[in-house]
Amino acid sequence: MKLLHLIRTLNDDTAARVIAAQKDEHEVAVILLHDAVLSPPSWGVPTYASAADVQARGISTDLPLVDYDKIVQMTFEYDKVTVW
């Protein structure tokens with residue numbers, strides 16, 4: 001199953017535990033939104049950052065950037081989407 005997590009806040013321990021539990025049995029990806037782009041964790045799954053949120057905060061990141069159109073597209077490509 002393909003699972004997509006949209007993370008909006010910094011240091012969400014519950015999301016981190018769920019992702020860690022799912023990644024061995026499922027195809028998991030993460031998109032960081034809002035303040036979550038400020039301190040991207042390493043979960044060992046494909047992780048992307050919202051280009052608009054990175055730009056709005058005046059930061060840079062090594063993560064691949066996705067625009068809103070790509071985020072919407074990804075929500076349809078995955079079987080389940082969870083927003084944290």
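The values are calculated or read from the model by the stated rules, or taken from the named source; none is laboratory data. Please read these numbers as outputs of a predicted model, since none were measured by experiment. Note that we place each Cβ from the backbone using ideal geometry, even for glycine, and neighbour counts take in every protein chain shown.
So here's what we get for this one:
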quantity	calculated
Single residue of 37, 28, 18 found to be outside any loop (DSSP other than H, G, I, E, B) and touching an Asp or Glu at 6+ places or on another chain (Cβ under 7 Å)	37
Any pair with Cβ under 6 angstrom, 6 or more apart, that starts in the stretch 54-78 at a residue that is touching a residue at least 12 places away in the same chain (Cβ under 8 Å) and polar (S, T, N, Q) and ends at one that is surrounded by 15 or more Cβ atoms within 10 Å (Cβ to Cβ) and not in a loop (DSSP other than H, G, I, E, B)	61/49; 61/54; 75/81
Residues (within 14 Å of residue 42 (Cβ to Cβ) and loosely packed, with under 13 Cβ neighbours inside 10 Å) located in the stretch 1-29	11
Test: residue in the stretch 66-79 that is touching a helix residue (DSSP H, G or I) at 6+ places or on another chain (Cβ under 7 Å), surrounded by fewer than 16 Cβ atoms within 10 Å (Cβ to Cβ), in a helix (DSSP H, G or I) and on the phi < 0 side of the Ramachandran plot	yes
Residue count, the stretch 1-52 (criterion: within 19 Å of residue 77 (Cβ to Cβ), over 11 Å from the mean Cα position of the chain (by Cα) and aliphatic (A, V, I, L, M))	2
Filter result for residue 68 (within 14 Å of the chain's Cα centre (by Cα), of a type outside the set (A, V, I, L, M), within 13 Å of residue 4 (Cβ to Cβ) and at pLDDT 95 or above)	no
